[in-house]
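Novice: Next up is a structure, given as structure tokens.
Just so it is clear, none of the values below were taken in a lab; they were calculated from the coordinates. Just so it is clear, the model here is predicted, and its values are computed rather than measured.
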Amino acid sequence: MTFMKIVEYSKQDISAFFQLRKAQSNKSDYGKFLVIAGSIGMTGALRLCVDSCYRSGAGLVYYTAAKKHMMEYDALTVEGITVPLEDIKEHIQNKDCICIGCGLSLNEQNQLLLKRVLELSKCHVIVDATALKMIALEKDLLKRYKGRMTILPHPGEMSVLMGMSIDEIQKDRVKTAYSFYQEYGCITVLKGHETVVAGNDMVYINKTGNAGMATAGSGDVLAGMTTAYSVMTDDMFRNTCMAVYVHGLAGDLAAKDLGMISMTASDIIRYIPNAHKEVAGEKA
């Protein structure tokens with residue numbers, strides 16, 4: 001393993017990365033994103049991802065649904081724009097970032113869908129949840145598209161990707177994340193207590209967040225935030241660190257008001273504006 005630089009980002013550092021919104025601007029100035037997520041029984045993951053993306057500053061968020069389910073999926077969100085999955089080639093174009101995996105079914109059709117998205121798109125791709133299991137089956141995709149891919153595994157998903165036990169991963173989370181990044185070249189986010197972000201030959205260890213965030217959907221919220229933050233600066237590693245920091249901060253603010261036991265992923269989304277106010281000040 002080559003030299004690894006540990007970077008520390010304080011609240012002031014994160015604040016400095018935020019940009020003021022211009023008075024003369026429109027929704028296209030703040031990112032056009034595509035979320036490929038959800039399945040029957042798992043539409044909540046899609047909603048959490050889309051809603052958190054908007055709460056994190058996204059201008060336009062499109063999401064996919066099979067034509068036969070368009071009506072049901074269209075009712076999931078207020079601001080999200082539903083597009084037919086069958087027309088995916090058309091909707092991949094001209095996006096600033098694509099998020100794939102939250103709540104998707106693991107099947108051959110979606111395996112082919114992931115490959116098609118990576119082959120046809122030109123933007124950055126956030127890979128999470130089920131899509132990580134698909135990537136584990138075809139790791140050559142990681143090396144082929146490493147320069148524009150960010151992966152968001154929890155320890156169980158990292159275990160599948162690396163062929164290691166969860167115990168082995170948890171014993172040295174920094175080494176695990178960095179060695180995976182070094183081998184495959186994609187920005188690697190190992191979620192959990194003190195989430196680790198590896199990229200740019202650096203490692204960031206996050207200090208925000210709490211045990212109340214160990215709840216279904218928390219990762220889907222982070223996926224949406226990372227997607228929206230992909231246009232914050234021209235450095236995707238920094239953008240990802242920002243998303244991880246603010247995600248944890250929103251969880252901390254939610255826990256302060258609600259307590260950790262009763263927190264849900266939706267609560268994290270509701271506290272993203274408060275987190276923005278705290279970390280970005282007048283820029284929020």
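Novice: Taking Rg and Dmax of the Cα atoms in Å as the quantity of interest, determine which of (i) 17.5, 52; (ii) 30.5, 113; (iii) 61.3, 207 was computed from the displayed structure.
Specialist: Recomputing Rg and Dmax of the Cα atoms in Å here picks out (i).
Novice: What lysines does Lys171 reach when the alpha-carbon gap must be under 20 Å and sequence neighbours fewer than 8 apart in one chain are set aside?
Specialist: Counting by Cα, and skipping residues close in sequence, Lys171 has these lysines nearby: Lys5, Lys191, Lys207.
Novice: Can you list the DSSP H helices in the chain whose Cα atoms extend at least 20 Å along the helix axis and whose mean Kyte-Doolittle hydropathy is 0.0 or higher?
Specialist: Working: long enough: 236-258 (32 Å, 0.49).
Answer set is 236-258.
Novice: Restricting to DSSP H runs of at least four residues, report the calculated mean residue ellipticity at 222 nm for the chain, -39500 (n - 2.57) per run over all residues, nearest 500 deg cm²/dmol.
Specialist: Values: 14 runs with 132 residues, N = 284.
Roughly -13500 deg cm²/dmol at 222 nm, from the helical runs in the chain.
Novice: Which of the lysines could be linked to Lys68 by a straight reach, that is with a Cα gap under 22 Å, when you skip same-chain ones fewer than 8 residues away?
Specialist: Within reach: Lys89.
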